[in-house]
Amino acid sequence: MERPNKKFLLMTLLVGIFMLNGCDKIKFSTFNASKEKDQNITTEQEIQQDDEEVKQEKDKEDASAPAKAEEKNPAATTPIPSDIKPKANKELLIYTINPDKGEVEAATAMISEDDKITPELIVSKVAEAMADKSIGIGIEKVTTKGDAIIVSFYSDKPPLTEVGAGIESAVLDAIAQSLIENLPDCNKVIYQVEGKAYKSGHIELGLEEAYSER
């Protein structure tokens, strides 16, 4: 039997060693790639988990912010009771007219509890009541002279114009009666027209002649 050639054996041995080394490199490379992929997946999961934790922590801080603000400054969220109360009203008895009958009739005007009852206030409330009856009284001014109240009208408005004798007299009676009954110091009511003597187509008075007296 012939012995194997030494060169052939040597080559076979080298080829075997080379193949073994090549397999190891392939396995090692495959293992490293898989390991790197696993590391990448783990890192992404950790980042997502960290982001979620940060978001949850921020939500907790936002939710607790009002409570902390209330602890630092209770007045910021606690309503403060208001001392402002609606003003009470009181009734003021005045007189107006019934335009259908041309007669004087009593009426009630509501004024504030704090309102001081003055000649100007009374006359304005009478004028408002008559306006509700579609009679627009033209009041120029209201003044006081001693125990007399002087009411001056505009010459181009009721009771000087646009109304008959019955309505004119009723308007003057209603104003005079409202003033005398609400003002203890008022003993007489004088009517004028823009500072001059009262003169209409139905009634004529002197400059300081009293239309009505207590």
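No value in this document is a laboratory result; all are computed from the given coordinates. In this text the structure is predicted, and so the values were computed from the model without any measurement. Methodologically, a virtual Cβ is constructed for each residue, glycine included, from the backbone with ideal geometry; neighbour enumeration extends over all protein chains shown.
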Order these peptides, 162-169, 123-130, by their mean beta-carbon neighbour count within 10 angstrom, highest first.
123-130, 162-169
Virtual spin-label span in nm between Thr108 and Leu13, 7 Å along Cα→Cβ:
13.3 nm
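May I ask for the net charge around Ile97, where only other residues with Cβ less than 11 Å from the Cβ of Ile97 are counted and Lys, Arg are +1 while Asp, Glu are -1?
That sum, taken over residues with Cβ under 11 Å, equals -4.
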Residue by residue through region 196-213, the couplings from Karplus 6.51 cos²θ - 1.76 cosθ + 1.60 with θ = phi - 60°, in Hz, x for Gly and Pro, are 10, 4, 6, 8, 10, x, 10, 10, 9, 10, x, 4, 10, 6, 6, 7, 9, 10
Stretchable slack from Leu207 to Glu162, in nm (0.36 nm times residue separation minus alpha-carbon distance):
13.9 nm
Ordering 106-114, 170-178 by per-residue average of other C-beta atoms within 10 angstrom, highest first, gives 170-178, 106-114
